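The values are calculated or read from the model by the stated rules, or taken from the named source; none is laboratory data. Because the structure is a prediction, the values reported are computed rather than measured. All Cβ positions, even for glycine, are placed from backbone atoms using ideal geometry, and neighbour counts span all protein chains on display. The area values use the complete protein model at the heavy-atom level, side chains included, leaving out ligands, DNA and RNA. Shrake-Rupley method; radii C 1.70, N 1.55, O 1.52, S 1.80 Å.
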Amino acid sequence: AELIKGALFFVVFFAASCGFTASQELIVSTPGFKPLHRGFLTLCHSASYCCFAGLELFRDGWSPAKRTTPLRDYAIVAVFCFLSVFLANASLGYIQYSTRVMVKCLKPLPTMALSRIMLGRERAAYGVWEYV
């Protein structure tokens, strides 16, 4: 049963990722698409994250009384996530979408480096080549 749930999750996740990538490519490649629209695309992207996160919290029965992390920390993360998406969309004026996707695949490397620097973790459970 767990194997079936895992496989189903993977299929749904993969389909959603492909749909997201294809829709963004269609939007960006539309004739007349201007840099100003990239900001709106980022706003829609962030709003979608907020809506889906809210739905997940509602589904799990979360309430503000259960919050353990200060809202300031969430706000900082939200600003960096928004800037990351905004700058990634702005980069589409200079690079192709497929190039952006390939560079985005390198995201775990800075995360691993910051984990070691900021949290003092010596090594993760996996070796470096297992991440690559």
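Separation of segment 84-107 from segment 1-53 is 14 Å, based on Cα centroids. Annotation note: trypsin sites (Lys or Arg not before Pro) in segment 1-99 located in DSSP loop regions with a Cβ neighbour count of at most 14 within 10 Å are Arg67.
Taking label points 7 Å from Cα along the Cα-to-Cβ direction, Cys50 and Ser115 give a separation of 3.0 nm. Computed with a 1.4 Å probe on the full set of protein chains, the accessible area for Leu83 sits at about 80 Å².
Could you compute how much accessible surface Ile76 exposes when probed at 1.4 Å, giving the result in Å² to the nearest 10? Ile76 exposes around 80 Å² with every protein chain in place. Rounded to the nearest Hz, the phi-derived 3J(HN,Hα) couplings of segment 69-81 under the Karplus curve 6.51 cos²θ - 1.76 cosθ + 1.60 (θ = phi - 60°) are 9, x, 4, 4, 5, 5, 5, 4, 4, 4, 5, 5, 5, where x marks glycine and proline. Taking other residues whose beta carbon is less than 13 angstrom from the beta carbon of Phe52, and scoring Lys, Arg as +1 and Asp, Glu as -1, yields -1. Using a 1.4 Å probe on the protein heavy atoms only, what accessible surface does Cys81 show? Give it in Å² to the nearest 10. Only protein atoms counted, so the area is about 70 Å².
Largest accessible area first, the listed residues Glu2, Glu25 line up as Glu2, Glu25 when surface is computed with a 1.4 Å probe on the assembled protein chains.
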